[in-house]
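Everything on this sheet refers to the single structure shown next.
The values are calculated or read from the model by the stated rules, or taken from the named source; none is laboratory data. All values derive from a computational prediction rather than experimental measurement. Every residue, glycine among them, receives a Cβ derived from its backbone with ideal geometry; neighbour counts consider all protein chains shown. Each accessible area value is taken on the protein alone, full model and side chains, heavy atoms only, with ligands, DNA and RNA left out. Shrake-Rupley method; radii C 1.70, N 1.55, O 1.52, S 1.80 Å.
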Amino acid sequence: MSEKRTEIGDLGEFGLIDHLSEKIEVKNPSSLRGIGDDAAVIEAGDHVKVVTTDLLLEGVHFDLSYAPLPHVGFKAVAVNVSDVAAMNAIPKQITVSIALSNRFSVEAVDALYSGIRAACEHYGVDLIGGDTTASRSGLVISVTAIGEAKKEQVSYRNGAKVNDILCATGDLGAALVGLQILEREKQVFLANPDMKPDLDKYPVVTGRQLRPDARMDIIHELKEAGIVPTSMMDISDGLASEIFHICKASNVGATIYEDKLPIDKQTFDTAVELNMDPITCVLNGGEDYELLFTIDQKDFAKLEKHPDIHFIGHMTKPEEGKFLVTKSGTAVPLKAQGWKHF
Ligand code: ADP
Ligand code: MG
């Protein structure tokens with residue numbers, strides 16, 4: 001009798017996480033939220049702690065032929081801070097674990113850590129520990145971030161209500177377009193090492209890919225405005241995929257409007273240059289690390305004039321589904337392609 005074998009690719013990343021979490025039970029009363037949000041939430045006296053971790057592998061998440069080591073270090077911290085932000089919490093500490101092959105020198109590790117230290121400074125977090133080990137296949141970095149929030153101010157993925165306004169920060173699609181440019185220039189360089197990479201023309205998109213910034217500024221501004229988003233997550237896998245997550249967790253539908261989707265001019269122009277559809281980049285490009293959140297309509301006036309918060313749509317009843325209204329007024333079903341590693 002042959003044993004059943006299921007390919008991980010058949011489940012996909014989210015299917016695999018769902019599959020694993022089915023058998024996980026949370027028993028301690030202090031574990032307020034386990035698997036399923038941007039970070040776990042733990043009771044801690046008069047406030048809560050949030051904890052999140054991300055693993056970055058050379059060749060999967062970054063390519064050292066164009067990603068400078070200080071940027072890799074900064075990004076490894078920023079992507080975790082982004083998940084802390086997504087809970088409406090303030091990051092306080094990180095741990096950093098690295099695995100290195102003998103290809104790396106002390107100077108290379110110093111370069112990596114200069115970026116990690118810059119991120120700690122930028123986000124006001126303390127590096128409090130980690131682990132160091134050998135690797136046979138390049139550089140591996142795992143960062144865990146710990147943040148704090150008042151219990152009633154935590155924003156989960158499951159709090160969106162019908163008629164809430166759906167908001168996205170900054171602009172989207174830049175990181176994906178940046179990755180395409182970096183890959184293109186790498187191929188040019190591999191074909192002819194005398195060619196200098198032509199990156200100066202694309203600072204917005206390559207900068208977003210190589211050194212994204214977590215939107216802690218928005219978290220502080222929401223606090224000042226007295227707003228707690230009814231739901232929130234960060235946009236790491238692509239806008240459409242993240243909208244699906246919020247809709248599923250909150251049991252709502254969503255309608256978004258093409259003409260409200262934020263895209264930088266350089267992202268738009270570069271996408272066109274690369275024969276990519278700019279709107280597809282906005283909907284399905286990953287790694288922008290902007291925030292996606294919902295607010296109650298009564299809070300709209302407080303944010304209306306914010307230059308970097310975009311009101312892209314609203315939440316609907318679950319049976320109404322998930323739709324994108326195009327510029328011509330046609331409602332097309334939203335598809336979540338997300339970012340597939342498998
Ligand atoms: P994010 O993109 O915000 O980092 P992920 O999609 O990576 O979130 O993870 C979704 C949820 O699944 C999180 O709560 C995360 O902690 C949990 N998770 C991911 N991988 C595992 C795993 N191997 N075992 C247990 N929980 C996991
Ligand atoms: Mg996240």
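Structure note, pairs LYS201/LYS265; LYS27/LYS49; LYS265/LYS302; LYS49/LYS298; LYS161/LYS317; LYS49/LYS92: Cα-Cα distances above 19 angstrom occur for LYS265/LYS302; LYS49/LYS298.
From helices alone, the chain scores -10500 deg cm²/dmol at 222 nm; the rule is -39500 (n - 2.57) for each run of n ≥ 4 DSSP H residues, then divide by the residue total. With protein chains left intact and a 1.4 Å probe, residues in the stretch 1-46 average 82 Å² of accessible area per residue.
Solvent-accessible area assigned to carbon and sulfur over the chain amounts to 53 percent, based on a 1.4 Å probe. With each label modelled as a point 7 angstrom along the Cα→C-beta vector, the ALA331-LYS27 pair spans 4.8 nm. Radius of gyration over Kirkwood radius for the stretch 175-319, both on Cα atoms: the Rg/Rh ratio is 1.04.
Just to confirm, what accessible area per residue do you get for the stretch 52-189 at 1.4 Å probe, in whole Å²?
Normalised by residue count, the accessible surface of the stretch 52-189 is 41 Å².
Straight Cα distances below 15 angstrom link LYS186 to the aspartates and glutamates ASP63, ASP194, ASP198, ASP200, with same-chain residues fewer than 8 positions distant left out.
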